[in-house]
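The values are calculated or read from the model by the stated rules, or taken from the named source; none is laboratory data. Owing to the predicted nature of the structure, the values given are computational and were not obtained by experimental measurement. For neighbour counting, all protein chains shown are included, and Cβ atoms are generated from backbone atoms with ideal geometry for every residue, glycine included. For accessibility, only protein heavy atoms count, side chains too; no ligands or nucleic acids. Shrake-Rupley method; radii C 1.70, N 1.55, O 1.52, S 1.80 Å.
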Amino acid sequence: MEQHASGSVGSWKAWIQMAKESRIVSALPAIILAFVVAHLPEPTGLTSTSMRLLGVFAGVIMGLLTADYSMSVVLAVALLTLTLTQSFMCTTADGHRIECDRCNTMYQGKSGHWHEYKCDPIGGSFDVAVSGFANKVSWLVFTAFHIGKAVEKTGFGRRVSLILVKKMGRSTIGIGYAICLAELTLAPFIPSNTARGGGIIYPIVESIIASLGVEPQMGENPVGGFFSFVAAAANLLSSSLFVTGMAGNPIVATKAASIFGIDFGFSQWVLGACVPVFFLIFLLPPVMHIIMRPKVDFGMLSVDILQQHRELGQVSANELKLCATLLGCLVLWIGTPYFGIDSAVVAYMAIVVLVLVNILTWDDIIKNHKAWDTFFWLASFIVLAEQLTALGVTEWIGNSLSRSLQHTSPLVGTLSLSLVYFLSMYLFSSISSHVVAFAGPFFAAGHVLGCPPRLLTILVAIFSSMSGVLTPFSTGSVAIYASQGYISQPRWFFYGLVISAIMLGTVLSVGLLWWKILGWY
């Protein structure tokens, strides 16, 4: 009996251990949340189809936080679920837009005659599910990833970073500024802040720290902590300056266009963000130096930087060809209103040119897994964002938010919404997820409250990346720097609060003055 009982206990423990390690179990909170939300009573303004979409969307956000699956897998399951449950808006043969589960049903026209909605509920749903892959925003980000690969492959990114550090590396604050400038230089061309910060800038920062005799196994260290935090914050600030600086930024521009009807492309984004972002970059290194007080041996650093620079050798022909291509991209992106060439087309042209001049090979394109992965999940997110608007979910959430601010002025409403948006980053471990979850609803709320469109758009645009400073897990690049152990987790949260307070203070003073000059409110 005792052996049988102990065997039963052992088997139960084994089952419990298997359940803990199961990836499916990690997805249960998302599945349960999606099911519960989808079956809630429909509030005024929403339909059963809207509730299914809202349920799946809530499940996606929960899945990104808890499930042991990649973002793309979570979204693939979401799109399949929405397709099979016919939870999209379909287009009929005669051009009507209806909920897909109403396909092949009858309706009474204005003349009193009965007609049939002719469409394929499953096939039409699948057409919607894959429509994001034809979206120009998806292609802009996809092609920009390959430009980033060219920057990395040629060694141009590393060369730029080393030159900046060499020229400005006479003080700790100077090196901090060099790291910031390196991020700013690469941000327009590398749309993944993780690829830029983790793949190009991080190795340089770590080599700087190592040359000073500081290693991760040494634990907390003010020198390593200073450079790590400055690099992480600089990555977020550079991401907020350009629409191409972070993969989720184009979603902000897309939602602003669909809800407010404004064009917030490359030039408008830079124009609105440049003054507060440059002001914050100016403040970042000296403020962190005052807080952390690092002490640096600059003799050792100079030797290490010179050695790395010698290893790179002379500027190669490929680097020169890449520079010419990047300069052409920058001119065409900034001059989009004048040249009439869409920014996605410019990026696509750049990829073709880089392949033709043998900087990239077709194998490079195929093997750029990060580009393909981002292309998939970004296109999927765009579909969800568009359908949330089409089925009235975004408007409903916006109305709910706006009711709590209905007695405030448009300016107060704008600032309140933007502050809540900034602080809500505590709930997310992905900047892109944060953008997808809240950018649309907050824009919808601002639309109802009569908020100045461009003011709210620029606040959400720059706060999307800036808010990542709040936690050590907000995005991949921040997590890379935080994981080195030079700053403890509690201290990282504290430094995040300090810098976020400076960010908010700058944006709500210098930023508001600049946007007033621009006439945005």
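Residues in region 194-210: is at least one farther than 26 Å from Leu360 by Cα, charged (D, E, K, R), touching a Phe, Trp or Tyr at 6+ places or on another chain (Cβ under 7 Å) and surrounded by fewer than 21 Cβ atoms within 10 Å (Cβ to Cβ)?
no
Report, by residue number, each residue of region 413-432 that is surrounded by fewer than 17 Cβ atoms within 10 Å (Cβ to Cβ) and under 21 Å from Val243 (Cβ atoms).
Within region 413-432, no residue meets the criteria.
Could you pull out every one of the helices (runs of 4 or more DSSP H) wholly within region 446-520 that has 3 or more residues that are at pLDDT 95 or above?
Working: elements: 453-466, 476-482, 489-506, 512-518.
Qualifying helices (runs of 4 or more DSSP H): 453-466, 489-506, 512-518.
Can you name the residue in region 45-67 that is among the β-branched types (Val, Ile, Thr) and farther than 20 Å from Ser430 by Cβ and, of all such residues, is least open to solvent (accessible area, probe 1.4 Å)?
Thr49
Scan (1) out of contact with any Leu (no Cβ under 6 Å at 6 or more places or on another chain); (2) buried (at least 24 other Cβ atoms within 10 Å of the Cβ) for the single condition Thr185 breaks and write down its number.
With (1) out of contact with any Leu (no Cβ under 6 Å at 6 or more places or on another chain); (2) buried (at least 24 other Cβ atoms within 10 Å of the Cβ) applied to Thr185, the lone miss is (2).
Just the residues that are open to solvent by 30 Å² or more (accessible area, probe 1.4 Å) and modelled with pLDDT of 80 or more, please, taken from region 372-399.
Scanning region 372-399 gives Trp372, Asp373, Phe376, Glu386, Ala390, Trp396.
Anything in region 356-371 that is at pLDDT 90 or above and either open to solvent by 70 Å² or more (accessible area, probe 1.4 Å) or in contact with a His (Cβ under 9 Å, 6 or more places away or on another chain) (or both)? List them, or say none.
Leu356, Asn358, Leu360, Trp362, Asp363, Asp364, Ile365, Ile366, Lys367
Is there a residue in region 167-185 that is over 22 Å from the mean Cα position of the chain (by Cα), closer than 30 Å to Asp363 by Cβ and assigned to a helix (DSSP H, G or I)? Explain how you work it out, then say what you get.
Looking only at region 167-185, we keep the residues that are over 22 Å from the mean Cα position of the chain (by Cα), and these are 167-178.
If we keep only those that are closer than 30 Å to Asp363 by Cβ as well, we get none.
No, the conditions are met nowhere in region 167-185.
How many residues does region 315-336 hold that are modelled with pLDDT under 90, part of a helix (DSSP H, G or I) and open to solvent by 60 Å² or more (accessible area, probe 1.4 Å)?
3
For residues that are open to solvent by 40 Å² or more (accessible area, probe 1.4 Å) and not small (Gly, Ala, Ser), scanning just region 68-83, find the one that is modelled with the lowest pLDDT.
Met71
Among the residues of region 250-270, is there at least one that is open to solvent by 10 Å² or more (accessible area, probe 1.4 Å), outside any helix (DSSP H, G or I) and in contact with a Lys or Arg (Cβ under 7 Å, 6 or more places away or on another chain)?
Yes, that holds for at least one residue.
Return the residues of region 406-435 that are at pLDDT below 85, in a helix (DSSP H, G or I) and of a type outside the set (S, T, N, Q); say none if nothing qualifies.
Tyr426, Leu427
Could you identify the single residue in Ser483, Ser488, Ser474 that is closer than 23 Å to Thr194 by Cβ, of a type outside the set (D, E, K, R) and crowded, with 18+ Cβ neighbours inside 10 Å?
One residue alone meets the criteria, Ser474.
Buried (at least 18 other Cβ atoms within 10 Å of the Cβ), farther than 30 Å from Asp127 by Cα and either out of contact with any Asp or Glu (no Cβ under 7 Å at 6 or more places or on another chain) or among the aromatic types (Phe, Trp, Tyr) (or both), is that true of Glu311?
No: the conditions fail for Glu311.
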